[in-house]
Amino acid sequence: MKSTTTPNLDIQNEKHHFNLNLFNETTHNPSYASLTNNFDNINGLRDFCIPVNTYFPSKPVMDCLYDKIPDAIKYYPSSNNLITEYIANFSDIKDPKRIIAGNGSTEIISWLNSIFIKDSIFVPVPSFGRWTEEPTQLGTELHTIAYCDENEQSLSPKKFIEAVLQSKAKNAVICNPNNPTGSIFSRLELLYILDKLRHLDNIIIDESFIDFSAKTPQTIKNDVHLFPNAWVIKSLGKNVGLHGLRMGYAISNENNINRLKKHLPYWNINGISEMLLMLIQNEKTAYDESRIKVINDTKYLANRFSELTAFKIFPVNSNFIFARLDLQIDGEKLRNKLLQNHSCFIRNCENKLGSTKQYFRIATRTKQDVDFLITAIKHELTNI
């Protein structure tokens, strides 16, 4: 339901002097730390850039984690094998031997790109940058198919399979839901795709945001081991609300996992991340409640954005929305004005292959923060 009242928010053109040159120094967006000078100058910054669980962990869990940090950073963490047991229990994965833990999902992505993916890769675009930039940097031939507005940023399984076969790529990636478009395949559609592409060297399903796609996510985490060439990549840090800890993992059959383990450092997960995993073992009910709250907040975010006639909103399947700004308004200019005048940090997708500065990924936040952002955007749209 759309909001029927205008929040009483103080919207003023007060320059906050964030360094806009930081946007030119990375192929992603600048970090919260860099924009705030390592958190010294917050300037009221509201982050709508990084999709993260805003309701987890609970304060008691965080208080306990803070108490244990001195020990967590003083002593070595456990091996990957023990940490994957924590992950399997918390994430309801049947066999921990099918899991390998990473220092964020991007570490796993980099190992796959460096060791397993050879010659060529197929990626629907726009996508998470590490699936397009890193293979190119490593000399891997990149093949793509574009999500497009005409199909509401979606692909059919048949079209995806046909495009992969036509490209003759040896590897393929599906982000499900896709980052940044939010496009999604059902579990049955993915199993169909995996069956038809058994001949590939590797096919990777990146499920980093699937926990926020539905009350019962269409994950293939307990199916992927049935396919000898298949992997599932999962983010954990963003899911549990602490993406700064860098936690992620991959799921595959034991043979693939054992091959990858030979290349990972013995201690690649830090002690604080391990401590958090221990503390949340009995918090699965609270986690499910938190992600449902995020899903509901995403619906609110999409409804509020639908008030903005300057934006086209695409189907929502994650803890962010994908929106296109009218061509008459400069997307980069709007992003900068929201940052400098209102301390609202939103993700412009100009630096993503297959996208332009008119497309935005807006991360889900609380209703109060969303109301602030909508009021700020309305203010700037009337002054551009």
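The values are calculated or read from the model by the stated rules, or taken from the named source; none is laboratory data. Computed from a prediction, not measured in an experiment: that's the story for all the values here. Note: ideal-geometry Cβ built from the backbone for every residue, glycine included; neighbour counts use all protein chains shown. Please note that ligands, DNA and RNA were not included when accessible areas were found on the heavy atoms of the full protein model with its side chains. Shrake-Rupley method; radii C 1.70, N 1.55, O 1.52, S 1.80 Å.
Of N202, Y76, N53, which is farthest towards the positive pole of the chain's charge dipole, taken about the Cα centre with +1 and -1 on the beta-carbons of Lys, Arg and Asp, Glu respectively?
In the chain, that residue is N202.
Can you give me the % of accessible surface on the chain that is carbon or sulfur? Probe 1.4 Å, all protein chains present, nothing else counted.
After summing per-atom areas, the C and S share lands at 49 percent.
Express the accessible area of the chain per residue in Å², computed with a 1.4 Å probe while the remaining protein chains stay in the model.
Numbers: 16860 Å² over 384 residues.
Dividing the accessible area of the chain by its residue count gives 44 Å².
Please sort by residue number the chymotrypsin sites (Phe, Trp or Tyr not before Pro) in the range 219-310 whose DSSP state is loop and whose Cβ has at most 15 other Cβ atoms within 10 Å. Mind dumping the intermediate values first?
Values: sites: W231, Y249, Y266, W267, Y287, Y300, F305; in loops: Y266, W267.
The qualifying sites are Y266, W267.
Which cross-chain or sequence-distant (5 or more) residues have an amide H under 5 Å from the amide H of C175, H modelled 1.01 Å from N in plane?
Amide H neighbours of C175, under 5 Å, 5+ apart: D206.
At 0.36 nm per residue, and after removing the present C-alpha to C-alpha distance, how many nm does the segment from D223 to Q328 gain when stretched out fully?
Numbers: separation 105, 0.36 × 105 = 37.80 nm, distance 4.64 nm.
So the chain would gain 33.2 nm between D223 and Q328.
What is the spin-label model distance, in nm, from N19 to E307 if the labels are put 7 Å beyond Cα along the C-beta direction?
Going by the 7 Å Cα→Cβ label model, 3.6 nm.
Within the range 278-296, list the residues whose amide N lies under 15 Å from a label point set 7 Å along Cα→Cβ of Y55.
In the range 278-296, the label zone of Y55 (backbone N under 15 Å from the point 7 Å along Cα→Cβ) covers 284-296.
Would you list M278, M62 from the most to the least accessible area, probe 1.4 Å?
Values: M278 90, M62 30 Å².
Highest to lowest solvent-accessible surface, that is M278, M62.
What is the range 209-360's relative contact order, in percent, from Cα pairs under 8 angstrom and six or more apart in sequence? Mind dumping the intermediate values first?
Working: 168 pairs, mean separation 27.1, N = 152.
With pairs under 8 Å counted, the relative contact order is 18 percent.
Could you sort the peptides 179-185, 34-40 by per-residue average Cβ neighbour count (10 Å cutoff), highest mean leading? The partial results should precede the final answer.
Details: 179-185: 25.6, 34-40: 13.7.
Going by the mean number of other Cβ atoms within 10 Å, highest first, we get 179-185, 34-40.
Under 19 Å Cα to Cα from K168, which aspartates and glutamates show up? Leave out anything in the same chain fewer than 8 places away.
D119, E141, D195, D201
Provide the gained length on full extension for the span K262 to K299, in nm with one decimal, where the gain is 0.36 nm per separating residue minus the Cα-Cα distance. Working shown, then result.
Details: separation 37, 0.36 × 37 = 13.32 nm, distance 4.30 nm.
Length gained between K262 and K299: 9.0 nm.
Shape verdict for the range 161-305, please, from the Cα gyration tensor: rounded (a/c under 1.5), prolate (a/b greater than b/c) or oblate.
Working: a/c = 2.14, a/b = 1.19, b/c = 1.80.
Oblate shape, in that a/c is at least 1.5 and b/c is the bigger or equal ratio.
In the structure displayed, which of K284/K333; K262/K357; K118/K352; K170/K333; K118/K238; K74/K261 lie more than 31 Å apart, Cα to Cα?
Details: K284/K333 42 Å; K262/K357 41 Å; K118/K352 23 Å; K170/K333 40 Å; K118/K238 29 Å; K74/K261 25 Å.
Pairs exceeding the cut-off: K284/K333; K262/K357; K170/K333.
Going by the alpha-carbon gyration tensor, a ≥ b ≥ c the square roots of its eigenvalues, is the range 278-365 rounded (a/c under 1.5) or, if a/c is not under 1.5, prolate (a/b greater than b/c) versus oblate? Walk me through the numbers on the way to the answer.
Values: a/c = 2.32, a/b = 2.04, b/c = 1.14.
Prolate.
Treating only the Cβ atoms of Lys and Arg (+1) and Asp and Glu (-1) as charged, compute the dipole magnitude of the chain about its Cα centre; round to the nearest 20 debye.
Working: 43 positive and 41 negative charges, 84 e Å.
Here the size comes out at about 400 debye.
Can you work out the FRET efficiency for the pair N383 and A146, with r the C-beta to C-beta distance and R0 = 45 Å, to the nearest 0.05?
Working: r = 33 Å, r/R0 = 0.74.
The value I calculate is 0.85.
What percent does the relative contact order of the chain come to when contacts are Cα pairs within less than 8 Å and at least six residues apart? Write out the running numbers ahead of the final one.
Values: 707 pairs, mean separation 97.8, N = 384.
Relative contact order here is 25 percent.
Classify the chain from the C-alpha gyration tensor, please: rounded if a/c falls under 1.5, else prolate or oblate depending on whether a/b exceeds b/c.
Working: a/c = 1.71, a/b = 1.24, b/c = 1.38.
It comes out oblate by the Cα gyration axes.
In whole Å, how far is the Cα centre of the range 326-384 from that of the range 235-254?
Distance between centres, Cα-based: 28 Å.
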